[in-house]
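Student: Encoded as structure tokens, here's the structure I'll be asking about.
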Amino acid sequence: MTKLISIFFVAFGIVLGGSLLSGLGAVLTKQSPIIMMKGVAMDIKFWAILSAIGGTIDTLRGFELGFIGGHLSVAARQILYIISAFAGATIASYILLFLIEGKAR
């Protein structure tokens, strides 16, 4: 359970932190921070998920051990890790878009 929560917040932090820092970079380069932050929030979600679960090799290895070895709990755990990372990245991008646009999608 602690690893699920940790994975959630790592993905959440990558999206939120990366987007906010891209807004700062946009200000320094005299570009629109709103446009930059919205673009980065959507683009960085995939990389946040991969970073949070530790890359794809461990996940694929977990699936292999789970399905081929007959240990379905290992495969189910890997699926939960991916769902947790996806939820963290998606919620962070929705919060950021809500703060920027002032409305829910």
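Here, each number is a calculation from the coordinates, and none is a lab measurement. What you see is a predicted model; the values in this text were computed from it and never measured. Cβ placement follows ideal geometry from the backbone for every residue including glycine, while neighbour counts extend to all protein chains displayed.
Student: In square nanometres and to one decimal, what's the mean projected area of the convex hull around the Cα atoms of the chain?
Tutor: Quarter of the Cα hull surface area: 7.2 nm².
Student: So, one more: So if we plug the beta-carbon distance of Leu20 and Ile83 into 1/(1 + (r/R0)^6) with R0 = 30 Å, what FRET efficiency do we get, rounded to 0.05?
Tutor: 0.75
Student: Quick one: how many lysine pairs in the chain have C-alpha atoms under 23 angstrom apart, if they're 8 or more apart or on different chains?
Tutor: Lysine pairs satisfying the spacing and distance rule in the chain number 4.
Student: Restricting to DSSP loop positions (anything but H, G, I, E, B) with no more than 16 other Cβ atoms inside 10 Å of their own Cβ, which trypsin sites (Lys or Arg not before Pro) remain in region 15-49?
Tutor: Lys30
Student: Let me ask something else about it. To the nearest 10 degrees, how steeply does helix 56-68 sit against the main Cα axis of the chain, on a 0 to 90 scale?
Tutor: On a 0 to 90 degree scale, this one is about 30.
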